[in-house]
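Everything below concerns the one structure shown next.
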């Protein structure tokens, strides 16, 4: 028999670490990608088809470095952009598979790059098509990107891939009707500062900030564990780094508004090519690198003021999903001077840091911006800020947003004089809706002086429980496999018997969704950076059988006696029991058991009345209490969060209204010009595309519209029938257009 314990989960009581699992199934959409594996394995790619970027001259790189100001009043540029026009019509190689599907592959190289990243200026895939991006060894795979990643802008920016070579793979299923213009690469960016480490496992910005910076998960950040989830690192135009903060609005509807500095995101083009990365942090104080998997590509510009003031508000293309655990920061419009302040930020693009000033800031002027509209932090008592911190939120003594970082002199040598644009000045100092925050963050005009932050998924968490196979009263211990010699290893980890794989049977008698797994790590030792542990999820009837999820991490990532929490970038539903475990990989050529990874386990139970749910693999799966003559009744220190109801705030997908029946074209038929009447007030860009009746794109333009009507010339169009498609914020419309002469 086995024993089942349910415990209500308090997310804040755990020390969180967020990790992506590579799954064979379908993932929830996150920079957002849909998982899976590239289809073009084994397809030869001719070397003469490789696209090589031009050499970057040292003078150009020096000019970039020299152009950078000494303070934070500019984004941190880490890469050099190449404008390109690469698409399936003019580059790469097509192949056809036996099932009738087709694959287009393009390899790009830029000699000496630490990493490469792409921006698709056309990404219009229909359902069934998939794009993967990876290094030639497939150690780092991004995707699949598909129709769920299509945005009204048609632009898709993607994360960097380590190394100086990458492959773009487009998969078209049999029968897919490909159209010219559905996919095009407009930029390749060459990282000359080292965004990725040579392992490709972690983000190489790690450790680049000054030594005086303090990790958010150190003691100084203990009171800011909720607020930190509102702060994100921004990758802008594939070449620059800043910081931003997710902000609440008076409707409390989880609309994904993100605030940053105006000098970071200056216009709609910047917004559409921004990747927002949440939860990039070291898992513990002075710990190893974090992960950049929780990212969202693209945003739309709502308001900006980058001349007289310095702020930008954008709306992300997606609501951060449940597994991001987002927090929407509250804000304070009162002009009272805070008694102390805190900033959470990504200096030099490094993992999340915290800086504290235990004294009050003062009102000040900065640069050529409007006078007396800044908070000046005279000196940081803990930490500092650096390039890449721009746009970071300044929180007051109430934990409310009161400003965003513009610039200043602070650094590790002298942490003095940082300037934050006041949130109260950003609110409504300027009346135009695209130059203020009020119209967006207080849409109903409620007029509050301040607003608390919130987690939109908090109510849904009430349906979640933590499942484990041991009692709260039981001790978790390490049990040596040889009671006289701990160097021989442990029953739940690396040991002299050569057992390296373990599993725990997770009871589940109803349909529920697995959200995360908590591993109680007992001991970690390693010799080489290649030593690792692979975490696994299986289905199976009497033993682990079907592997459905896994993730490998280096042993160097772990710490003795810590709770290691894996938050999946997917939600996996189970209707019966399943298995959770791990496998240890290490180099043991010396014959000595010096490498170690072991979980804590329940202290062995009595033979009578005790239960056992732990299994190990030694040529076959064996339950611990069936291991004659070394039987033991125990359970591994593994807990699983299960939710009976998938948490949702109800707006994960942006609502798009079809206005096809309400759009009016006049005249129609038309000759040299057509007027388009829209039945809604539009204060954003309109994207207009015209297709011929065969579906071929004939023209595409973007219009800045400030009303309910605009016109378009038709010069160059032959007489005939066309499809006119209009896209704007929150709506789309298609109409037939007849052109005559």
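Modelled with pLDDT of 95 or more, farther than 26 Å from residue 379 by Cα and buried (at least 22 other Cβ atoms within 10 Å of the Cβ): is that true of residue 234 in this structure?
Against the criterion (modelled with pLDDT of 95 or more, farther than 26 Å from residue 379 by Cα and buried (at least 22 other Cβ atoms within 10 Å of the Cβ)), residue 234 does not qualify.
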Response to the item:
Given the conditions (1) assigned to a loop (DSSP other than H, G, I, E, B); (2) modelled with pLDDT of 85 or more, every one holds for residue 654 apart from (2)
Item to complete: Please work out which one of (1) within 29 Å of the chain's Cα centre (by Cα); (2) touching a residue at least 60 places away in the same chain (Cβ under 8 Å) is the condition residue 373 fails and give its number.
Response: (1)
Worksheet, complete the sentence: Scanning the stretch 112-124 for residues that are within 14 Å of residue 183 (Cα to Cα) and either modelled with pLDDT under 85 or more than 17 Å from the chain's Cα centre (by Cα) (or both) gives 120, 121, 122, 123, 124
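Which members of the stretch 228-249 meet the condition of being out of contact with any strand residue (DSSP E or B) (no Cβ under 6 Å at 6 or more places or on another chain) and more than 17 Å from residue 216 (Cα to Cα)? Give the steps one after another, and end with the answer.
Taking the stretch 228-249 and keeping what is out of contact with any strand residue (DSSP E or B) (no Cβ under 6 Å at 6 or more places or on another chain), we get 229, 237, 249.
Result: 237, 249.
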Worksheet entry | Matching residues, the stretch 141-167, being in contact (Cβ under 8 Å) with a residue 40 or more places away in the chain and farther than 25 Å from residue 110 by Cβ | 146, 148, 151, 152, 153
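A quick yes/no check of all residues on (1) out of contact with any strand residue (DSSP E or B) (no Cβ under 8 Å at 6 or more places or on another chain); (2) at pLDDT 90 or above; (3) part of a strand (DSSP E or B):
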site: 527; (1), (2), (3): yes, no, no
site: 530; (1), (2), (3): no, no, no
site: 536; (1), (2), (3): no, yes, yes
site: 541; (1), (2), (3): yes, no, no
site: 544; (1), (2), (3): no, yes, no
site: 552; (1), (2), (3): no, no, yes
site: 567; (1), (2), (3): no, no, yes
site: 572; (1), (2), (3): no, no, yes
site: 608; (1), (2), (3): yes, no, no
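Which residue out of 367, 391, 349 is at pLDDT 95 or above and in contact with a strand residue (DSSP E or B) (Cβ under 9 Å, 6 or more places away or on another chain)?
Values: 367 fails: at pLDDT 95 or above; 349 fails: at pLDDT 95 or above.
So the residue among 367, 391, 349 that is at pLDDT 95 or above and in contact with a strand residue (DSSP E or B) (Cβ under 9 Å, 6 or more places away or on another chain) is 391.
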Response to the item:
Within the stretch 508-525, the count of residues that are in contact with a strand residue (DSSP E or B) (Cβ under 6 Å, 6 or more places away or on another chain) and within 25 Å of residue 463 (Cβ to Cβ) comes to 10
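Being on the phi < 0 side of the Ramachandran plot, in contact with a strand residue (DSSP E or B) (Cβ under 8 Å, 6 or more places away or on another chain) and outside any loop (DSSP other than H, G, I, E, B) narrows it down to one of 405, 398, so name that one. Reasoning before the result, please.
On the way: 398 fails: outside any loop (DSSP other than H, G, I, E, B).
405 is the lone residue from the list that is on the phi < 0 side of the Ramachandran plot, in contact with a strand residue (DSSP E or B) (Cβ under 8 Å, 6 or more places away or on another chain) and outside any loop (DSSP other than H, G, I, E, B).
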Worksheet item: Looking at the stretch 85-101, is at least one residue within 24 Å of residue 240 (Cα to Cα) and surrounded by 20 or more Cβ atoms within 10 Å (Cβ to Cβ)?
Response: yes
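Rundown of residues vs (1) surrounded by fewer than 19 Cβ atoms within 10 Å (Cβ to Cβ); (2) under 19 Å from residue 237 (Cβ atoms); (3) in contact (Cβ under 8 Å) with a residue 60 or more places away in the chain; (4) under 23 Å from the mean Cα position of the chain (by Cα), yes/no style:
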{"site": "104", "(1), (2), (3), (4)": "no, no, yes, no"}
{"site": "110", "(1), (2), (3), (4)": "no, yes, yes, no"}
{"site": "126", "(1), (2), (3), (4)": "yes, no, no, no"}
{"site": "130", "(1), (2), (3), (4)": "no, no, yes, yes"}
{"site": "133", "(1), (2), (3), (4)": "no, yes, no, yes"}
{"site": "139", "(1), (2), (3), (4)": "yes, no, yes, yes"}
{"site": "169", "(1), (2), (3), (4)": "no, no, yes, yes"}
{"site": "178", "(1), (2), (3), (4)": "yes, no, yes, no"}
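So if I check each of 519, 526, 502, which one is under 14 Å from residue 639 (Cβ atoms) and surrounded by 14 or more Cβ atoms within 10 Å (Cβ to Cβ)? Spell out how you get there, then give the answer.
Details: 526 fails: under 14 Å from residue 639 (Cβ atoms); 502 fails: under 14 Å from residue 639 (Cβ atoms).
Going through 519, 526, 502 in turn, the sole match is 519.
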Worksheet item: Considering 459, 448, which residue is at pLDDT 90 or above and either exposed (fewer than 15 other Cβ atoms within 10 Å of the Cβ) or in the same structural domain as residue 424 (by TED's automatic domain parsing) (or both)?
Response: 448
Worksheet item: Within the stretch 608-619, which residues are touching a residue at least 24 places away in the same chain (Cβ under 8 Å) and out of contact with any helix residue (DSSP H, G or I) (no Cβ under 9 Å at 6 or more places or on another chain)?
Response: 617, 618
Practice prompt. Count, please, the residues in the stretch 447-482 that happen to be more than 30 Å from residue 596 (Cα to Cα) and either in contact with a helix residue (DSSP H, G or I) (Cβ under 6 Å, 6 or more places away or on another chain) or part of a strand (DSSP E or B) (or both).
Written response: 6
Worksheet item: For residues in the stretch 400-435 being touching a helix residue (DSSP H, G or I) at 6+ places or on another chain (Cβ under 6 Å) and either surrounded by fewer than 22 Cβ atoms within 10 Å (Cβ to Cβ) or at pLDDT below 95 (or both), which is nearest to residue 349 (Cα to Cα)?
Response: 427
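The values are calculated or read from the model by the stated rules, or taken from the named source; none is laboratory data. This is a predicted model, so every value here is computed, not measured. As a convention, Cβ positions derive from the backbone with ideal geometry for all residues, glycine included, and neighbour counts pool all protein chains shown.
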